[in-house]
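Notes for the one structure printed next.
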Amino acid sequence: MIRTLVTASVAAVAGYAATRTVIAARDRFGFGDRLDRTNHAGETVSLIEGPAAAAGATTVAIFADPLPHRLAATLATTAAGMLGAVDDFAESGSEKGLRGHLSALARGEVTTGGLKVLGISASSVVAALIGRDAEELFGSQLAGSLADAVLAGGVIAGTANLINLLDLRPARALKASALLAGIGLLSGRGSALVLSGGSLGVIAAAFADDAAGLTMLGDTGANALGSLLGTAAALDASRTELALSLALLAGLTLASEKVSFTEVIESTPGLRELDAWARVH
């Protein structure tokens, strides 16, 4: 246990360093303006936080142990970050939300958002296959192992989507990520504890600029960080835990198509104050 806690601490420091290094590169290499976007308040923010958080999340993933967990976490975070970057920096199509992207795909229109949905879902299932008792895939437990992998992949992809859905106000997605990381620290062990603890370094590195409204995660950072947290939750979870987690994530995703999370948060005492805490604007 002591060794795992030390590894989690080292992962947090490495994730922090990787995230801050990429953020610092924004002005050093002169491409800052190309990352600027306009936020909900009409103010200019930088998407540099996205690639930075993705780099930090992938760095943390490298510390997972045993090797199948390391490969699974690295695949999940890298794929989610890259697919999120495509949607951030080469966006095509006007559809928004999961329903919009799926509707476009049903019409035969492949948008960057639709590509992201399919790609993250597929890579999450593959990551789960790699990370969860892969040897059983060739034994008598084949059907059960495949079912677990699909459920675990759904949790990874669903968590990536949830963090992305919350990235609508400064620091909101990071606060939700910190909450999930805290749950992972309290209930996890092994790789789950390392990935959860390591993610706190990424969150800490990005928090001040995000809360100040200077940067935002975007799809790149939200999907990568969410995939890291989803992998931490999914790799060693039981089938029942996976099913319950996936049901909750699916419910929140469907609810987001009908109601505004921002309106719910701002009208709910406690959530409203937590959401506003540390925010400059």
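Just so you know, all these numbers are worked out from the coordinates, no wet-lab data involved. Please read these numbers as outputs of a predicted model, since none were measured by experiment. Heads up, the Cβs are rebuilt from the backbone with ideal geometry, glycines too, and the neighbour counts pull from every protein chain shown.
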For T215, other-chain or 5+-apart residues with amide H closer than 5 Å (H placed, Pro excluded) are S46, D210
Per residue, the convex hull enclosing the Cα atoms of the range 222-281 spans a volume in Å³ of 127
Compute the relative contact order of the chain as a whole-number percentage, counting only Cα pairs closer than 8 Å that sit 6 or more residues apart in sequence. 29
What's the magnitude of the charge dipole for the chain around its Cα centre, counting Lys and Arg as +1 and Asp and Glu as -1 at the beta-carbon? Answer in Debye, nearest 20. 240
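Just want the ordering: I2, I265, from fewest to most Cβ atoms lying within 10 Å of their own Cβ.
Values: I2 6, I265 18.
Least to most surrounded, the residues fall as I2, I265.
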Ascending count of other beta-carbon atoms within 10 Å, so fewest first, for V125, V13: V13, V125
Listed with the fewest Cβ neighbours within 10 Å leading, I62, I120, I48 appear as I62, I48, I120
Positive-pole candidate from P51, L118, L254, dipole of the range 2-276, charges at beta carbon: P51
For the range 257-272, in order, what is each residue's ³J(HN,Hα) by Karplus, 6.51 cos²θ - 1.76 cosθ + 1.60 with θ = phi - 60°, in whole Hz (x at glycine and Pro)? 7, 10, 10, 8, 4, 4, 5, 5, 5, 6, 9, 10, x, x, 5, 4
Of the labelled options (1) 13.7; (2) 14.9; (3) 17.2, which one gives mean projected area of the Cα convex hull in nm² as computed for this structure? (2)
Scanning the chain for chymotrypsin sites (Phe, Trp or Tyr not before Pro) in DSSP loops with at most 10 other Cβ atoms within 10 Å, what's the longest stretch left with none? 30-276
